[in-house]
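Questions regarding the structure given below will be posed in turn.
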Amino acid sequence: MSGKHRSDAGQPASSRTAIPPGTRDVLPEEMRELREISSRMRETFEEAGYGEVHTPALEYEEVLRRGEEHAAGARYRTFDEQGEVLALRSDMTIPIARVVGTRYADTEPPLRFCYFAHAWRAVERGVGEPREFLQGGLELIGADGAEGDAEVVALTIEALDAAGLRRHRIGIGDGSLYRTLLHDLDVPEDRHMPLLECLSRRDLVGLERVVSDLPARELLVELPALRGGPEVLDRAEGLQALHTALERRGVEDRVIYDLGLVRELGYYTGAVFEVYDPAVGFALGGGGRYDELLGRFGRALPACGVALDLQRVHLAQAAEEALA
Amino acid sequence: VSGLTVAVPRGALFGGTLDLLDTLGVDTAEVRSNDRKLLFADAGIVTMRPSDVPTYVEHGSADVGITGKDVLLEQSHRNVYELVDLGYGRCRMVVAAGDGDPIGSALRRLGRVRIATKYPRVAARHFADTGRQAEIVEVKGSVELAPLTGLVDGIVDLTATGRTLEENGLRVVEEIGVCTARLIANPVAHKLKAAEIDRIVERIRSG
């Protein structure tokens, strides 16, 4: 093994040996550690009754679009021999919803699945974010409301414990909270979009400006800044039952309620999650409740899931190891 | 600042930022007296150029930071919370050009205009939003030089008093926006260090 690093800078495309930005080769040392992390998480999921599934990397684009109008951000398309549009999946939630609607059409719920699989998204910022990333996650289908949410949250915490993390926390928000508030306060329809955009851009200064002429401006600015323990739940009644369920499972001190939490994907209908570890400046993953997605594939069942970016989990695990 | 690491911009916002940190009870004496050192672990301060602040904060190397709105507009893809408008460091982002309407005349005769700037994304967005074809030339140094040598028809730049523009025979022809210093936060620190961050936000708002 030589220590040479060859770069393609200045080479014509025909003689290139590079890989596309945002993709990577994984060499044995990293691979062993990634395997270790995923097998520990898999054991936790399997013990809790979540069987592992695998689905094709390529799906009909139409199928992904049925799950979410933007095909959950799928960006890589190609054509098959018949001219059908195929797309690389951008998450595992929509493919699993399809599997449930077709292969489990008559099975008594609840259904529990886990996965460890790659997904692909566009590199929009060009600053080294992954184009291809490895996700580990789970989907709980047919379990309603707070109990189902609590099972997913508790199992996520447990799987990360098993992976060697110690300080991780789950941020929990209510995906419909702010929209409901806008309706309750009779904020005119045409004002909703700019407000929600500021919120998803995390621009609280902009939010303050766009609400400045609205009668309930203080509430509209204060609410999404609220985060912490159960004391903030007075303002988010929808999450109180979840808190009680988390208490029963003894994990209530591992969560942070965050009334400003919004997730980008359009299919979330209730509680939304984000997973944090102090060693990593980015969320390790996220998820939430999506009660309407399964219906689009023929089985109208409530569902909830979470997906973790295993490379980020690995970063956090390495940092924990360094601290120990 | 009580367990937080703060990214502090050197340059035009440096003085105002240190004054702000003083009011928050941070001892900035060492930072003020040492302009070569970059990391002040005791005070929880890291100093850097303003355009690097969003990078350090986004990656969580600093929990919070202070930078100009001009930097945030240019780096609007950064995943950070913009928490407070701090009010100081007030500047205008403007389109400026020399006498005789060179921008309008280039658009009329050639259908496009050449613009030099240190803010290529802001400039491109502004001209696209106003339906004009613009070729953006990114420069690193004094932008005012570019129209004087005929490289471009006009510039997009930040100006506080307009004096540098004037001295180079340029005047403001359009205002894109007003920029002030902003407090930003890392999204994970915003959750995991919520109490510490809220405390400084409250003290800034009440001060």
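The values are calculated or read from the model by the stated rules, or taken from the named source; none is laboratory data. Small disclaimer: the values here were computed from a predicted structure and weren't measured. FYI the Cβ positions are ideal-geometry reconstructions off the backbone, even for glycines, and counts take in every protein chain you see. Each accessible area value is taken on the protein alone, full model and side chains, heavy atoms only, with ligands, DNA and RNA left out. Shrake-Rupley method; radii C 1.70, N 1.55, O 1.52, S 1.80 Å.
Of all residues in region B:181-203 being more than 9 Å from chain A (Cβ to nearest Cβ) and out of contact with any strand residue (DSSP E or B) (no Cβ under 6 Å at 6 or more places or on another chain), which is surrounded by the fewest Cβ atoms within 10 Å (Cβ to Cβ)?
My answer is B:GLU202.
Next question. Test A:SER200 against the criterion of being among the polar types (S, T, N, Q) and either more than 24 Å from the chain's Cα centre (by Cα) or more than 14 Å from every other protein chain (Cβ to nearest Cβ) (or both), and give yes or no.
Working: among the polar types (S, T, N, Q): yes; either more than 24 Å from the chain's Cα centre (by Cα) or more than 14 Å from every other protein chain (Cβ to nearest Cβ) (or both): no.
In short, no.
While we're on this one: Would you mind listing the helices (runs of 4 or more DSSP H) fully within region A:175-267 where at least 1 residues are at pLDDT 90 or above, touching a strand residue (DSSP E or B) at 6+ places or on another chain (Cβ under 8 Å) and open to solvent by less than 50 Å² (accessible area, probe 1.4 Å)? Write out each step before concluding.
Numbers: elements: A:177-184, A:189-200, A:204-210, A:217-222, A:240-248.
Passing ranges, in order: A:204-210, A:240-248.
Any residue at all in region A:184-195 that is more than 16 Å from A:LEU219 (Cβ to Cβ) and of a type in the set (Lys, Arg)?
For region A:184-195, residues more than 16 Å from A:LEU219 (Cβ to Cβ) and of a type in the set (Lys, Arg): absent.
I'd like to check something: does region B:68-79 contain any residue that is in contact (Cβ under 8 Å) with a residue 12 or more places away in the chain, under 17 Å from B:VAL8 (Cα atoms), open to solvent by less than 10 Å² (accessible area, probe 1.4 Å) and not in a helix (DSSP H, G or I)?
Yes, because at least one residue in region B:68-79 is in contact (Cβ under 8 Å) with a residue 12 or more places away in the chain, under 17 Å from B:VAL8 (Cα atoms), open to solvent by less than 10 Å² (accessible area, probe 1.4 Å) and not in a helix (DSSP H, G or I).
Yes/no matrix, rows are residues, columns are (1) touching a strand residue (DSSP E or B) at 6+ places or on another chain (Cβ under 8 Å); (2) among the aliphatic types (A, V, I, L, M):
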| position | (1), (2) |
| --- | --- |
| B:GLY104 | no, no |
| B:ARG109 | no, no |
| B:VAL113 | yes, yes |
| B:GLY141 | no, no |
| B:ASP153 | yes, no |
| B:ASP157 | yes, no |
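A:GLY228 is checked against (1) more than 10 Å from chain B (Cβ to nearest Cβ); (2) in contact with a helix residue (DSSP H, G or I) (Cβ under 8 Å, 6 or more places away or on another chain) and fails just one. What number does that condition carry?
A:GLY228 satisfies every listed condition except (1).
Moving to a separate point now. Mind listing whichever residues of region A:164-210 are in contact with an Asp or Glu (Cβ under 8 Å, 6 or more places away or on another chain) and polar (S, T, N, Q)?
A:SER200
Scan the helices (runs of 4 or more DSSP H) fully inside region B:100-207 and keep the ones with 1 or more residues being touching a Cys at 6+ places or on another chain (Cβ under 6 Å) and farther than 23 Å from B:ASP19 by Cα.
Working: elements: B:102-110, B:120-129, B:145-148, B:163-167, B:187-192, B:194-206.
In region B:100-207, no matching helices (runs of 4 or more DSSP H) lie anywhere.
Follow-up. Could you look through region B:43-57, keep only residues that are assigned to a helix (DSSP H, G or I) and under 18 Å from B:LEU20 (Cα atoms), and pick out the one that is most open to solvent (accessible area, probe 1.4 Å)? Lay out the reasoning, then the answer.
At the first step, the residues of region B:43-57 found to be assigned to a helix (DSSP H, G or I) are B:50-57.
The next check asks that each one be under 18 Å from B:LEU20 (Cα atoms); those that pass are B:50, B:53.
Values: B:PRO50: 39, B:VAL53: 0 Å².
Among those that are assigned to a helix (DSSP H, G or I) and under 18 Å from B:LEU20 (Cα atoms), it is B:PRO50.
Does region A:141-149 contain at least one residue that is modelled with pLDDT of 95 or more, closer than 22 Å to A:ILE94 by Cα, open to solvent by less than 10 Å² (accessible area, probe 1.4 Å) and outside any helix (DSSP H, G or I)?
Yes; the residues of region A:141-149 include at least one that is modelled with pLDDT of 95 or more, closer than 22 Å to A:ILE94 by Cα, open to solvent by less than 10 Å² (accessible area, probe 1.4 Å) and outside any helix (DSSP H, G or I).
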